[in-house]
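Inspection log for the structure reproduced underneath, given as C-alpha coordinates.
The values are calculated or read from the model by the stated rules, or taken from the named source; none is laboratory data. Keep in mind that this is a model prediction, so the values were computed, not measured. Cβ sites come from the backbone with ideal geometry, for glycine too, and all protein chains shown count toward neighbours. Side chains are part of the model used for accessible areas, which takes the heavy atoms of the whole protein and leaves out ligands, DNA and RNA. Shrake-Rupley method; radii C 1.70, N 1.55, O 1.52, S 1.80 Å.
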Amino acid sequence: MYIIVGLGNPTREYEGTRHNIGFEAIEAIAKAYQITMDSRKHKAVCGKGIIGGEKVILAMPQTYMNLSGESVRELADFYKVSSEEIIILYDDISLDVGALRLRKKGSAGGHNGIKSIINHLGTDEFPRVKIGVGDKPKGWDLADYVLGRFNKEEQEVMKASVERTVKACECIICDGMDAAMNIYNKREVKA
(Lines give C-alpha, C1' and ligand atoms only; values in the text may rest on other atoms or scores of the structure.)
Protein backbone atom coordinates (compact mmCIF):
# COMPACT_ATOMS: atom_id res chain seq x y z
CA MET A 1 0.00 0.00 0.00
CA TYR A 2 1.11 3.53 -0.78
CA ILE A 3 -0.06 6.83 0.61
CA ILE A 4 0.30 9.72 -1.84
CA VAL A 5 0.12 13.09 -0.12
CA GLY A 6 -0.17 16.37 -1.99
CA LEU A 7 0.78 19.45 0.01
CA GLY A 8 -1.17 22.67 -0.02
CA ASN A 9 -3.36 24.96 2.02
CA PRO A 10 -7.10 24.40 2.51
CA THR A 11 -9.82 26.92 1.63
CA ARG A 12 -10.75 28.54 -1.65
CA GLU A 13 -8.43 31.52 -1.28
CA TYR A 14 -5.38 29.27 -1.88
CA GLU A 15 -6.73 27.37 -4.90
CA GLY A 16 -4.52 27.75 -7.95
CA THR A 17 -1.54 29.14 -6.02
CA ARG A 18 2.01 27.89 -6.52
CA HIS A 19 2.02 26.46 -2.98
CA ASN A 20 -1.04 24.32 -3.78
CA ILE A 21 0.37 22.45 -6.77
CA GLY A 22 0.52 19.31 -4.58
CA PHE A 23 -3.28 19.47 -4.17
CA GLU A 24 -3.70 19.90 -7.94
CA ALA A 25 -1.53 16.82 -8.53
CA ILE A 26 -3.65 14.74 -6.12
CA GLU A 27 -6.84 15.90 -7.86
CA ALA A 28 -5.33 14.88 -11.23
CA ILE A 29 -4.35 11.44 -9.87
CA ALA A 30 -7.85 11.00 -8.44
CA LYS A 31 -9.38 11.87 -11.80
CA ALA A 32 -7.00 9.61 -13.76
CA TYR A 33 -7.75 6.56 -11.59
CA GLN A 34 -11.40 7.33 -10.74
CA ILE A 35 -10.64 7.74 -7.04
CA THR A 36 -13.31 9.66 -5.14
CA MET A 37 -11.89 12.15 -2.64
CA ASP A 38 -14.84 11.94 -0.26
CA SER A 39 -13.41 11.04 3.11
CA ARG A 40 -12.35 13.52 5.79
CA LYS A 41 -10.09 11.87 8.34
CA HIS A 42 -6.52 12.03 9.63
CA LYS A 43 -6.72 15.83 9.25
CA ALA A 44 -7.00 15.36 5.47
CA VAL A 45 -9.37 14.94 2.55
CA CYS A 46 -8.73 11.35 1.43
CA GLY A 47 -9.66 8.82 -1.21
CA LYS A 48 -8.95 5.10 -1.63
CA GLY A 49 -8.19 3.39 -4.90
CA ILE A 50 -5.91 1.18 -6.96
CA ILE A 51 -2.95 2.24 -9.10
CA GLY A 52 -1.06 -0.44 -11.00
CA GLY A 53 -2.71 -3.18 -8.97
CA GLU A 54 -1.55 -1.59 -5.69
CA LYS A 55 -3.85 -0.12 -3.03
CA VAL A 56 -3.35 3.61 -2.57
CA ILE A 57 -4.62 6.31 -0.29
CA LEU A 58 -4.62 9.83 -1.72
CA ALA A 59 -4.51 12.64 0.83
CA MET A 60 -4.64 16.42 0.92
CA PRO A 61 -3.84 17.57 4.48
CA GLN A 62 -6.21 20.24 5.76
CA THR A 63 -3.85 21.47 8.48
CA TYR A 64 -2.27 24.27 6.43
CA MET A 65 1.18 23.74 4.97
CA ASN A 66 3.30 24.32 8.07
CA LEU A 67 1.51 21.53 9.99
CA SER A 68 1.32 18.93 7.17
CA GLY A 69 3.34 16.46 9.26
CA GLU A 70 0.46 16.04 11.73
CA SER A 71 -1.74 14.58 8.99
CA VAL A 72 1.04 12.48 7.43
CA ARG A 73 1.90 10.98 10.84
CA GLU A 74 -1.75 10.06 11.48
CA LEU A 75 -2.01 8.45 8.03
CA ALA A 76 1.23 6.50 8.50
CA ASP A 77 0.15 5.24 11.93
CA PHE A 78 -3.39 4.31 10.89
CA TYR A 79 -2.42 2.45 7.70
CA LYS A 80 0.79 1.05 9.22
CA VAL A 81 3.02 2.00 6.30
CA SER A 82 6.74 2.73 6.36
CA SER A 83 8.04 6.15 5.38
CA GLU A 84 9.25 4.60 2.08
CA GLU A 85 5.58 3.96 1.18
CA ILE A 86 4.57 7.61 1.56
CA ILE A 87 5.00 9.72 -1.58
CA ILE A 88 4.91 13.47 -1.02
CA LEU A 89 4.04 15.86 -3.88
CA TYR A 90 4.92 19.52 -3.40
CA ASP A 91 6.06 22.81 -4.91
CA ASP A 92 9.76 23.64 -5.27
CA ILE A 93 11.02 27.15 -6.03
CA SER A 94 14.54 25.91 -6.85
CA LEU A 95 13.22 24.16 -9.99
CA ASP A 96 12.11 25.84 -13.21
CA VAL A 97 8.36 26.15 -13.74
CA GLY A 98 7.03 22.70 -14.62
CA ALA A 99 10.26 20.75 -13.97
CA LEU A 100 10.00 17.56 -11.88
CA ARG A 101 12.62 16.17 -9.53
CA LEU A 102 12.11 12.83 -7.77
CA ARG A 103 14.08 12.05 -4.62
CA LYS A 104 14.16 9.15 -2.14
CA LYS A 105 15.16 11.36 0.78
CA GLY A 106 16.62 14.72 1.63
CA SER A 107 16.40 17.85 3.71
CA ALA A 108 13.41 20.17 3.78
CA GLY A 109 15.29 22.69 1.64
CA GLY A 110 13.43 25.51 3.39
CA HIS A 111 9.97 24.05 2.61
CA ASN A 112 7.89 24.27 5.79
CA GLY A 113 5.54 21.46 4.81
CA ILE A 114 8.45 19.06 4.31
CA LYS A 115 10.09 20.31 7.52
CA SER A 116 6.89 19.42 9.41
CA ILE A 117 6.73 15.95 7.81
CA ILE A 118 10.37 15.22 8.67
CA ASN A 119 9.72 16.32 12.27
CA HIS A 120 6.61 14.15 12.64
CA LEU A 121 7.95 11.04 10.88
CA GLY A 122 11.37 11.34 12.52
CA THR A 123 13.09 10.70 9.19
CA ASP A 124 13.81 12.40 5.89
CA GLU A 125 13.67 9.07 4.05
CA PHE A 126 10.42 9.22 2.11
CA PRO A 127 9.89 9.47 -1.65
CA ARG A 128 8.99 12.86 -2.98
CA VAL A 129 8.06 14.45 -6.25
CA LYS A 130 9.14 18.07 -6.33
CA ILE A 131 7.15 20.14 -8.81
CA GLY A 132 8.98 23.25 -10.01
CA VAL A 133 7.17 26.54 -9.63
CA GLY A 134 10.17 28.77 -10.47
CA ASP A 135 12.25 31.04 -8.28
CA LYS A 136 10.75 34.20 -6.86
CA PRO A 137 11.58 37.40 -8.70
CA LYS A 138 14.23 39.60 -7.11
CA GLY A 139 12.80 41.79 -4.39
CA TRP A 140 9.67 39.66 -3.89
CA ASP A 141 8.65 38.27 -0.52
CA LEU A 142 8.76 34.45 -0.63
CA ALA A 143 5.33 34.03 0.98
CA ASP A 144 3.76 36.44 -1.50
CA TYR A 145 5.35 34.54 -4.38
CA VAL A 146 4.33 31.00 -3.37
CA LEU A 147 0.84 32.20 -2.47
CA GLY A 148 0.57 33.89 -5.86
CA ARG A 149 -0.92 32.37 -9.00
CA PHE A 150 0.63 31.22 -12.25
CA ASN A 151 0.33 33.44 -15.30
CA LYS A 152 -1.42 32.09 -18.45
CA GLU A 153 1.77 30.73 -20.02
CA GLU A 154 2.86 29.06 -16.75
CA GLN A 155 -0.60 27.51 -16.32
CA GLU A 156 -0.15 25.56 -19.58
CA VAL A 157 3.31 24.36 -18.52
CA MET A 158 2.01 23.37 -15.08
CA LYS A 159 -0.91 21.44 -16.57
CA ALA A 160 1.59 19.26 -18.48
CA SER A 161 3.77 18.99 -15.37
CA VAL A 162 0.84 17.76 -13.26
CA GLU A 163 0.11 15.10 -15.92
CA ARG A 164 3.75 13.99 -15.74
CA THR A 165 3.43 13.85 -11.94
CA VAL A 166 0.47 11.44 -12.31
CA LYS A 167 2.60 9.17 -14.53
CA ALA A 168 5.63 9.51 -12.23
CA CYS A 169 3.57 8.33 -9.23
CA GLU A 170 2.34 5.31 -11.18
CA CYS A 171 5.94 4.55 -12.17
CA ILE A 172 7.11 4.76 -8.54
CA ILE A 173 4.36 2.35 -7.48
CA CYS A 174 4.77 -0.12 -10.36
CA ASP A 175 8.50 -0.01 -11.10
CA GLY A 176 10.14 1.46 -8.00
CA MET A 177 11.74 4.76 -7.14
CA ASP A 178 15.04 4.13 -8.97
CA ALA A 179 13.28 3.41 -12.28
CA ALA A 180 11.05 6.48 -11.82
CA MET A 181 14.04 8.72 -11.07
CA ASN A 182 15.83 7.46 -14.19
CA ILE A 183 12.85 8.45 -16.33
CA TYR A 184 11.54 11.63 -14.70
CA ASN A 185 14.75 13.30 -13.50
CA LYS A 186 16.03 13.73 -17.06
CA ARG A 187 16.34 17.30 -18.21
CA GLU A 188 13.82 18.35 -20.81
CA VAL A 189 15.46 18.91 -24.19
CA LYS A 190 14.13 22.05 -25.80
CA ALA A 191 13.93 22.07 -29.61
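For the reader, a short list of remarks on this structure follows.
- The helices (runs of 4 or more DSSP H) falling completely within the range 109-180 that include 3 or more residues that are hydrophobic (A, V, I, L, M, F, W, C) and buried (at least 16 other Cβ atoms within 10 Å of the Cβ) map to 112-121, 152-175.
- Qualifying positions in the range 10-51 - free of Cβ contacts under 8 Å to residues at least 12 places away in the same chain, closer than 24 Å to ARG164 by Cα and among the basic types (Lys, Arg): LYS31
- Test: TYR79 is within 28 Å of ASN182 (Cα to Cα) and at pLDDT 95 or above: no
- Selection over the range 18-72 of residues that are in contact with a Ser or Thr (Cβ under 9 Å, 6 or more places away or on another chain) and basic (Lys, Arg) gives a count of 2.
- Residue selected from the range 181-191 under the condition surrounded by 13 or more Cβ atoms within 10 Å (Cβ to Cβ) and aliphatic (A, V, I, L, M), by the criterion nearest to the chain's Cα centre (by Cα): MET181
- Pairing residues of the range 61-90 that are at positive phi with residues that are of a type outside the set (A, V, I, L, M), at Cβ distances under 8 Å and at least 6 apart in sequence or on separate chains, gives TYR64/ASN9; TYR64/PRO10.
- Hits in the range 1-41 - residues which are in contact with a strand residue (DSSP E or B) (Cβ under 7 Å, 6 or more places away or on another chain), buried (at least 19 other Cβ atoms within 10 Å of the Cβ) and not in a helix (DSSP H, G or I): TYR2, ILE3, ILE4, VAL5, GLY6, LEU7, GLY8, THR17, ILE35, MET37
- Residue that is in contact with a strand residue (DSSP E or B) (Cβ under 8 Å, 6 or more places away or on another chain), of a type in the set (A, V, I, L, M) and at pLDDT below 95, where the choices are LEU147, LEU95, LEU100: LEU147
- Residue count for the range 53-102 under the criterion of being open to solvent by less than 50 Å² (accessible area, probe 1.4 Å), closer than 30 Å to PRO137 by Cα and either among the aliphatic types (A, V, I, L, M) or not in a helix (DSSP H, G or I) (or both): the result is 17.
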